[in-house]
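J.: I'd like to ask some things about the structure below.
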Amino acid sequence: PVAQGLLVCTETSTFIIQPSDDGLRFRYQTLHPRAGCVAPSSMRTMANGMVVWLGREGFYAFQNGQVGLVSEDKYLSLRDRNMARQRASVAAYDPKEKTYRCWVPTAGSRVPDRCYIWDGEDWKERNDVKASGVCVTQNHTNYMLVAGKRGTTNGVWLLDHENGQFAVTNTASIETGWLKAMRRDTRKSPKKVLLWLRESSQSTVTVEAMRDW
């Protein structure tokens, strides 16, 4: 549901259903004849009312009555997705970070193994969890829970929080864009990276950063 009515997608098109003027029937209007949704569980609404989902060409968004592609700078990365399994993609909106997160199966993976993160402007990627399902708790904590596999262990994981059961080394990578989508000659690499650590055990953190590819 959106403010204008009911947003509906097939795999190849998007349209909206609205009450008719007499209030007795319904009418529909095609919003985009070629942009559809390939994974129903990828469609989520952000805090500003924008609806985001995964389509054949990438991620689309609906806002102000218009449907448009919002993942132009992730074109090469999205070409690696497993088309035969992309219907299994799952997504959730993180109200704390104010980001849309969608896990998509890539290469030969049968389950979504790469997470695409969008804050409304820039895209990032993470690959630390293979997600079969994701949700956000409906209380003041707004925790994001992911059902799937981390390493070789299946379970339900509280994302971005420490799990004391892990006694082995954990490795995670985060990828950000290094060129602006509309101006390929302008860099936008992060200039600062902040790490929040909680003093709970004696261990080692190794950070490897690559800038401008």
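J.: What percent does the relative contact order of region 1-150 come to when contacts are Cα pairs within less than 8 Å and at least six residues apart?
T.: Working: 335 pairs, mean separation 20.2, N = 150.
Result for region 1-150 is 13 percent.
J.: With equal scatterers on the alpha carbons only and no solvent term, can you work out the Debye log10 of I(q)/I(0) for region 1-66 at 0.18, 0.22, 0.27 1/Å?
T.: Treating every Cα as an identical point scatterer, log10 I(q)/I(0) equals -0.63, -0.89, -1.22.
J.: While we're on this one: List the residues whose amide H sits under 5 Å from the amide H of Ser13, counting only those 5 or more places along or on another chain, with H placed 1.01 Å from N in the peptide plane.
T.: Correct list: Gly36, Cys37.
J.: Region 3-51: which trypsin sites (Lys or Arg not before Pro) are DSSP loop and have at most 11 other beta-carbon atoms within 10 angstrom?
T.: Numbers: sites: Arg25, Arg27, Arg34, Arg44; in loops: Arg25, Arg34.
Passing both the DSSP loop test and the Cβ count: Arg25, Arg34.
J.: Can you list residues from other chains, or at least 5 along the same chain, whose modelled amide H is less than 5 Å from the amide H of Val2?
T.: Here the answer is Leu7, since their amide H atoms fall under 5 Å of that of Val2.
J.: Write down the radius of gyration of region 60-115 and its Dmax, each obtained from C-alpha positions, in Å.
T.: 12.6, 37
J.: Please report the base-10 log of the normalised intensity I(q)/I(0) for region 86-171, using a Debye sum with one equal scatterer per alpha carbon and no solvent, at each q in 0.14, 0.25, 0.26 (1/Å).
T.: The Cα Debye sum returns log10 ratios of -0.48, -1.36, -1.42.
J.: Let me ask you something else. Using a 1.4 Å probe on the protein heavy atoms, what percent of the accessible area of the chain belongs to carbon and sulfur?
T.: Values: 7110 of 14230 Å².
Using a 1.4 Å probe with all protein chains present, the chain comes out at 50 percent carbon and sulfur.
J.: Further question: Could you calculate, for the chain, the ratio of the Cα radius of gyration to the Kirkwood radius, expressed as Rg to Rh?
T.: Radius of gyration over Kirkwood radius for the chain works out to 1.00.
J.: Also, I was wondering about something else. Can you give the Rg to Rh ratio of region 19-104, both from alpha-carbon atoms, with Rh computed by the Kirkwood formula?
T.: In region 19-104, Rg relative to Rh is 1.04.
J.: Within straight cross-link reach of Lys192, meaning Cα distance under 23 Å, which lysines are found once same-chain residues fewer than 8 apart are removed?
T.: Within the straight-line cut-off, Lys192 pairs with Lys74, Lys96, Lys98, Lys124, Lys180.
J.: Between Thr12 and Val156, what is 0.36 nm times their sequence separation minus the Cα-Cα distance? Round to one decimal in nm. Mind showing how you got there, number by number?
T.: Working: separation 144, 0.36 × 144 = 51.84 nm, distance 3.32 nm.
Result for the pair: 48.5 nm of gain on full extension.
J.: Using modelled amide H (1.01 Å from N, peptide plane; none on Pro or chain starts), what sits under 5 Å from the amide H of Asn82, excluding residues fewer than 5 places away?
T.: HN-HN under 5 Å from Asn82: Thr106, Ala107.
J.: While we're here: Residue by residue, what Karplus-based ³J(HN,Hα) values in Hz, rounded to whole numbers, does region 119-124 have, using 6.51, -1.76 and 1.60 with θ = phi - 60° and x for Gly and Pro?
T.: 9, x, 9, 10, 9, 9
J.: So what J values fall out for region 62-72 if you push phi through Karplus, 6.51 cos²θ - 1.76 cosθ + 1.60 with θ = phi - 60°, rounded to Hz, Gly and Pro as x?
T.: 10, 7, 6, x, 10, 10, x, 6, 10, 10, 4
J.: Stretched out fully, how many nm does the piece from Leu76 to Asp22 gain, at 0.36 nm a residue minus the Cα gap? Write down the numbers at each step before the final one.
T.: Values: separation 54, 0.36 × 54 = 19.44 nm, distance 4.79 nm.
Additional length available on full extension: 14.7 nm.
J.: Over the chain, give the accessible area per residue in Å² for a 1.4 Å probe, as an integer.
T.: In whole numbers, the chain has 67 Å² accessible per residue.
The values are calculated or read from the model by the stated rules, or taken from the named source; none is laboratory data. Remember, predicted model here, so these are calculated numbers, not experimental data. Every residue, glycine as well, gets a Cβ built from its backbone with ideal geometry; the counts of neighbours run over all protein chains shown. Accessible surface is based on the protein model in full, side chains and every heavy atom, while ligands, DNA and RNA are left aside. Shrake-Rupley method; radii C 1.70, N 1.55, O 1.52, S 1.80 Å.
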